[in-house]
Amino acid sequence: MMPKLVLLHGFGEDARMWDDFIPGRFPNQKLHIPTYAEWSDCLTIADYARKIQGTLPIEETFILIGHSMGGYIAMELAKQFPQRIKGVVMLHSTPVADSEEKKKQRDKTAGFIQEHGSETFIRSFVANLFTPHFVATHQTLIQKLADRYATLSQAGLRASTLAMKVREDLQGFVRSSNIPTLFVLGEMDPLIPVEAIVELLAGKDQHKYVILSGVAHQGCYEAPEETYAVINQFIN
């Protein structure tokens, strides 16, 4: 039996991101797509992982595909439940914990969300995930995403922001794990340094990486066909 695919969305979005990416793709795969943007009771990424694991069908194995924060959760799931995970796809994500500077930025973000609310934050946030050229040439899409996520739970956004701040560094797990992992990276991603991932994976033949040219943090939108091709090759 083929492993089921678990698709894990990122911060500032919810499971609807996969509605934009999936149609016409993964035709022979069973999909499990949790949404957790509304959750406000998880204090750490490990909490998200345990809660999501409780929603997964019993006695099945999985390949995890996580975008950004979803990748953090995917890696934590692989660490906590390695016997159930047959592969991990990290879309614009990293096993590297936040630096002290990044932790301060998370605190500022949580404070901004608390003071100004979800809509103001999302409308200032969405475009920053794409290259300037993509934003300029895809205004309708950027507006659609901003409108869609403007009503996300304020408490959920704050909780996920603070959970990402305190997540465990899993570089050691990646180095020692035999669970095959694919890192899909954006050449122009302002949030995930490509060099750190390339250095981490040196000599680790069980893991792979692909760098998408001209892409920032949203390969599912900026280069959907190429993103799907490398994921499909990996899971098959």
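The values are calculated or read from the model by the stated rules, or taken from the named source; none is laboratory data. Since this is a predicted model, take the numbers as computed values, not measurements. Note: ideal-geometry Cβ built from the backbone for every residue, glycine included; neighbour counts use all protein chains shown. Just so you know, the surface numbers come from the protein's heavy atoms only, side chains and all, with ligands and any DNA or RNA stripped out. Shrake-Rupley method; radii C 1.70, N 1.55, O 1.52, S 1.80 Å.
Kindly provide the set of residues from segment 189-208 that are open to solvent by 70 Å² or more (accessible area, probe 1.4 Å), among the acidic types (Asp, Glu) and over 19 Å from Asn232 (Cα atoms), ordered by number. Of everything in segment 189-208, those that are open to solvent by 70 Å² or more (accessible area, probe 1.4 Å), among the acidic types (Asp, Glu) and over 19 Å from Asn232 (Cα atoms) turn out to be Glu195, Glu199. Taking the criterion of being closer than 13 Å to Val89 by Cα and modelled with pLDDT of 95 or more, the residues of segment 221-236 that qualify are Thr227, Tyr228, Ala229, Val230, Ile231, Asn232, Gln233, Phe234. Would you confirm, using the coordinates I've provided, whether Ser177 is farther than 28 Å from Pro82 by Cβ, among the hydroxyl-bearing types (Ser, Thr, Tyr) and in contact with a helix residue (DSSP H, G or I) (Cβ under 8 Å, 6 or more places away or on another chain)? No; evaluated as a whole, the condition is false for this residue. Please go through segment 154-172 and pick out each residue that is open to solvent by less than 40 Å² (accessible area, probe 1.4 Å) and touching a helix residue (DSSP H, G or I) at 6+ places or on another chain (Cβ under 7 Å). Within segment 154-172, Leu157, Ser160, Thr161, Ala163, Met164, Arg167, Leu170 qualify.
The set of residues from segment 8-30 being in contact with a helix residue (DSSP H, G or I) (Cβ under 8 Å, 6 or more places away or on another chain), of a type outside the set (Phe, Trp, Tyr) and on the phi < 0 side of the Ramachandran plot comprises Leu8, His9, Gly10, Glu13, Asp14, Arg16, Met17, Asp20, Arg25, Gln29.
Selection of segment 209-219 for residues being within 19 Å of Leu141 (Cα to Cα) and surrounded by fewer than 20 Cβ atoms within 10 Å (Cβ to Cβ) yields only Gly214. Are any of the residues in segment 66-77 acidic (Asp, Glu) and within 22 Å of Thr181 (Cβ to Cβ)? For segment 66-77, residues acidic (Asp, Glu) and within 22 Å of Thr181 (Cβ to Cβ): present. In segment 96-119, the residues that are outside any helix (DSSP H, G or I) form Cβ pairs under 8 Å with partners that are among the small types (Gly, Ala, Ser), at six or more places apart or across chains, as follows: Val96/Ala196. When Ile65, Ile52 are checked against the criterion of being open to solvent by less than 60 Å² (accessible area, probe 1.4 Å), closer than 29 Å to Asp147 by Cβ and not in a helix (DSSP H, G or I), Ile65 stands alone in meeting it.
Consider segment 201-220 and keep the residues that are over 17 Å from the mean Cα position of the chain (by Cα) and small (Gly, Ala, Ser). The one that is modelled with the lowest pLDDT is Gly203. Scanning segment 1-35 for residues that are part of a loop (DSSP other than H, G, I, E, B), free of Cβ contacts under 8 Å to residues at least 40 places away in the same chain and closer than 18 Å to Lys51 by Cα gives Ala15, Ile33, Pro34, Thr35.
Of the candidates Asp41, Asp19, the single residue that is of a type outside the set (Lys, Arg), over 13 Å from the mean Cα position of the chain (by Cα) and more than 24 Å from Lys79 (Cα to Cα) is Asp19.
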